[in-house]
Structure formats: structure tokens, C-alpha cells
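Below is one structure; the comments refer to it alone.
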Amino acid sequence: MDYKKEIEELILTVIREGGSDLHLGAGRVPAIRVSGELIFLVKRKVLTKDDMVAILTEIIGQKRYNQFLENEELDFSFDFKEDIRLRGNAFFQKGLINIAFRLVPKVKTLEDLHIPSVLSEFARRKQGFFLVVGPVGQGKSSTLSAMINQINNEQARHILTIEDPIEHMYIPNKSIINQREVGIDTKDFHIALKSAFREDANVILIGEMRSPETISTAVTAAETGHLVLSTLHTNNASQTIDRIIDSFPGSQQAQIRTQLASSLIGIFSQRLIPRIAGGLIPAYELLVNNSAVANLIREKRTQEIDVVIETGLESGMIDLNRSLIELVRAGEITIESAYQFSLNPKGLERMI
């Protein structure tokens, strides 16, 4: 088999079908994900154990393949035909190699992504801690990339990204942009983030906050004059705050509450909902940190934040149910989809 050609044909299939993901594994045919649905490419041949070894080696090279064998899993990214980028994860299951690819969309504007323009104001802030949250595959990276590129096009700033792996690639415009990949340019997120204090960075993008040490340093960076953008795999704003605080030992939680209350500027949670006309469109929740929210964080009353968001429209806050209802009324999504993605279906019912 010509493995280079095989890889090219599979990636072109994903692109042609408007897909987002490609799944390869020994013992089965390839599969792609289109508009959230998994589709098996039944006309292609079943991949063998040797096929998977050859495909992975072709993509990442022998050196990184040896690293994969040692660690038994590997995150990576690669460019396809110059203008297309994918990120991948290779792993073992039952002793056999599997690879999951995600097609990295080109950097778009917030308007292109149907994201509210209020996020532009967060991108223009000089300092603070801003999080984009949601489950895997809900467009968090695309939203952050739009914010980073807006800064790049509007302001003369030093933007530093720390990612594993690097996803979106930026063309410097008014800003300096340095992108560091964990495992290649730095040993880990925490070390790279600590170094950022000595690199004269204005904006720091952290691909994912994986440890209390990284979270603590990120919050400190936001307190000391940096705009820090990052993601967490959480469902909404209140859960995000609890997740951050609960990641620390009890003896440190009071301090992180105080720091978070003062440095947090906002949390944006999003979901990609199937459109009636085809494709996906985001529904979202936005928490804007004001004095009321900061007091709730300090006083361990994060369970009340959901109510603050629901009643905080005048403060610029956006409730997920309100976002879903607006999409239904605009004819973008069905009411069934709204109920499916709502975190509070009873509250949604009251709004109909």
C-alpha cells in the first residue's frame, strides 16, 4: 500500500464531506465524523496492525514513533498540503494502534463563528483571566484563535501561546506571536508559563490547564499585568470555578478563591448545535465577573452564579437557555435540539 497516498485520500475525504474528525484503527475500516455523526467508510479496506504502524510512522517519523512506543500515547499535529492543519492523538487499545485526527479549521473571526461581539471587548483587555469552556469538540479552540487573531490584527502586543500540540497557526500582523509546543519547545505547560514572566509577554494563551501548578501560575500572571486565555473541559461557568478551586488542597483554596475573584474577567461556555439547514451553530453562556460575582466566589457561594447569569443581561451576561431560545426563534435549530443541549430543561420550558 502507498501509505502517503492513503493518508492523503482519507484526509481529502474528510474535507470533501465537510467532516471534523478521522478515526483509524487496526481491524476496522476508517471512520469520519460529519456534523457530529460518525460515518464508517465501508468501501475502504479494513486496516491491519502493520498498516497502522506504517501510517503513523509516515506521519510523525521514526523518532516520534519511538517516543510513542515508550509513552504508549502521543499528541501531535501536522500540515497537509500547506494550508490544512490537523491535530492527532495516537494510542493503543488491546495492543493495537489507533489514531484520532481533528481537522483544525482555519482561523476565523468571531463574526464568522457566530460568536457574540462582546468577546471582542475581552480580547481588548490589558490584563485578566478569561476562559472558554465546554465539552470536547465544541469549538473552544476556534473561539480562542479568533480572539488571538483579533489582538494580532488590532494591537502591538507580544502574544505567547503554549499548546500541546500547536493547533492554529498565526501570521504576525501588528503583534509578535511566539508559539511553543509542549514536548518540542518546552517540557511542560507549567515550565513554559513560568518562563513567560521573563519573556515580556502581554498575552498568554494556554492550550489547556492540566495541573494546579499551571492554574496557580496562570492566575498569578493575570494578576501581574498579563491577559491570560485558556480552556477547561467543564460544562458551565459555576462548574468551572468549582473545578479550579477543588483542584487545590483545602489549605490553599481560600487563597485561590481570593485570587480568582480579583483576576477573572469572564467565562464563556459554548456548545455546537446541529442547524436545521445543515452544519453546526454555537449556543453559549457568558459570565462577566463583576463585584457581585466576585463576592460569590470569595464567599463559597458559586451555586448562586447560575441565577446571576440568568438575571445579568444588563451586565452583558448571556444565559445558555436564552441563547438556545433565540436560535429556535431564528429558525436555526429545532426545539428538540434546544432541550437536548440545555443544562436546565425546566428553565427552558418556562421561557417557551
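A short reminder: the numbers here are calculations on the coordinates, not readings from a lab. Since the model is a prediction, treat every value here as computed from it, not as a measurement. Here the Cβ positions follow ideal geometry from the backbone for every residue, glycine too, while neighbour counts run over all protein chains shown.
Over the Cα atoms of segment 3-104, the radius of gyration divided by the Kirkwood radius equals 0.93; this is the Rg/Rh ratio. Per-residue Karplus couplings for segment 313-324, computed as 6.51 cos²θ - 1.76 cosθ + 1.60 with θ equal to phi - 60°, are listed in order as 4, 5, 8, x, 7, 10, 8, 4, 4, 5, 4, 5 Hz, Gly and Pro entered as x. Each of Arg124, Arg180, Arg64 has some number of other Cβ atoms within 10 Å of its Cβ, and from fewest to most they run Arg124, Arg64, Arg180. Listed by chain and number, the lysines placed with their C-alpha closer than 28 angstrom to that of Lys194 are Lys126, Lys140, Lys174; residues fewer than eight positions away on the same chain are left out.
Take 236-249, 326-339 and order them by the average number of nearby Cβ atoms within 10 Å per residue, most first; the result is 236-249, 326-339. Roughly what % of Cα-Cα distances in the chain sit above 38 Å, to the whole percent? Tail fraction, whole percent: 20. When the Debye formula is applied to the Cα atoms of segment 1-43, each taken as the same point scatterer, what base-10 log of I(q)/I(0) results at q = 0.29 Å⁻¹? Ignoring solvent entirely, the Cα scatterers give -1.11.
Convex hull volume per residue, computed on the Cα atoms of segment 54-180, equals 132 Å³. Taking amide H positions as modeled 1.01 Å from N, with prolines and chain starts lacking one, the residues under 5 Å from Ser77 and 5 or more places away or on another chain are Gly88. Only one residue of Ile276, Thr258, Ser337 has its Cα farthest out toward the positive end of the dipole of segment 118-351, where Lys and Arg carry +1 and Asp and Glu -1 on Cβ, and that residue is Thr258.
Here the sum of -39500 (n - 2.57) over DSSP H runs of 4 or more residues, divided by the residues of the chain, equals -12000 deg cm²/dmol at 222 nm, to the nearest 500.
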